[in-house]
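The values are calculated or read from the model by the stated rules, or taken from the named source; none is laboratory data. Fair warning: this is a prediction, and the values are worked out from it, not measured in the lab. For neighbour counting, all protein chains shown are included, and Cβ atoms are generated from backbone atoms with ideal geometry for every residue, glycine included.
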Amino acid sequence: MSEGNALRCEFDATSEEIPVPAMEPEELAAEGPVSAPLPAAGAAVTVGRPGLFMRAHGWWGTAAPNLRGTLLMIAAFAVFTAMMTLIKLAGGRVPLPQILIVRQLVMTLILGVMVGPALPRIMHTKRPGLQILRGLFSLGAMLCGFTAMISLPMAEATALGFVQVLFVTLLAILVLGEVVDRRRWIAMAIGFVGVLIMLRPSGEAMNGYSLLAILGALFGAGITVSVRILGHTERTETILFWQGVVVLMALGLPALLLWTHPTPAEWGLLIGIGIVGTAGQWCVTRAYQLGEASALAPLDFVRLLLATASGYLVFAEMPQLLTMIGAALVVGGTIYTMRSNASGPPRAITPLPNTLPSP
């Protein structure tokens, strides 16, 4: 075959000539029917600029793993704050086991729709023991943390839960073998000082609900470390599926015995809790699969800002001056952590399996 004309491709402001071999008529016939006519000699094929989604996708693929984990964690905190607000609204009359059962049923339904025919594959796990343990950690964190959230002001209950940062850091060192550098200790210390200022610890706030909030934080640290371990071999949907199994088995009978018929408005709250809870679970699970636990833990302080804003806007809980000062320190620690995560050297990440079935 002889060399033929060239197609000119125009992309952004650049162009180059790509030689395309010409084909004789008998060769074209051998190739089969052609669905569209070939461009004429000298014709230009214009390829548009990549869209916003493609540019964002390209940036996401090259971003440092800890930075991607940071952004996913912040997104998770936003939807979790919405979920806690809905739980506090519904918890005035609907028993907590009933709230958690409906939440888990909605999450399971969404998960089933997402995975479709791949559900049997999603159910399979290489570490059933750790999956069950992670589910029990999740159950304990929800029962303790949500009870405290319903009974205490949102900012106070959230702030008490920040001892989880210390628990996670210690477990990351002891269990995961992670090295916590000076910058992360500084970021965590700044945020924790801000929390102490907002709490104004005097002993008067340390009641039973406060202790439940701290116990829930301990369970939450167990969730964080177990997800970090499971993330190397398990799909996100598999982790969420096994959490649902444990929660439904543990709370099925209590929810049935305590069942209160919800009003239409309460049904809306319960379904909304399940929807935003699913989004938050996926984001936080994926975040800890990408980033180091000790790197993401200090970001937990941003939840306090969101909880304080929600408490003020929804429940008329007016933050005091010391709360605002402490919040400023929390913001400073969060920004410092994000800069540290973005500028840190890249680390090797074990490739994760596909989380959804192929089309």
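Within this structure, Arg93 fails the test of being assigned by TED's automatic domain parsing to the domain that holds Pro254, basic (Lys, Arg), in contact with a Ser or Thr (Cβ under 9 Å, 6 or more places away or on another chain) and farther than 27 Å from His261 by Cα. For segment 81-103, which positions are among the small types (Gly, Ala, Ser) and either modelled with pLDDT of 95 or more or under 23 Å from the mean Cα position of the chain (by Cα) (or both)? Scanning segment 81-103 gives a single hit, Ala82. If the condition is being surrounded by fewer than 21 Cβ atoms within 10 Å (Cβ to Cβ) and among the hydroxyl-bearing types (Ser, Thr, Tyr), then segment 212-247 contributes only Thr233.
For the residues Leu256, Leu270, Leu321, Leu251, the requirement of being among the hydrophobic types (A, V, I, L, M, F, W, C), surrounded by fewer than 18 Cβ atoms within 10 Å (Cβ to Cβ) and either at pLDDT 90 or above or outside the structural domain of Gly191 (by TED's automatic domain parsing) (or both) singles out Leu256.
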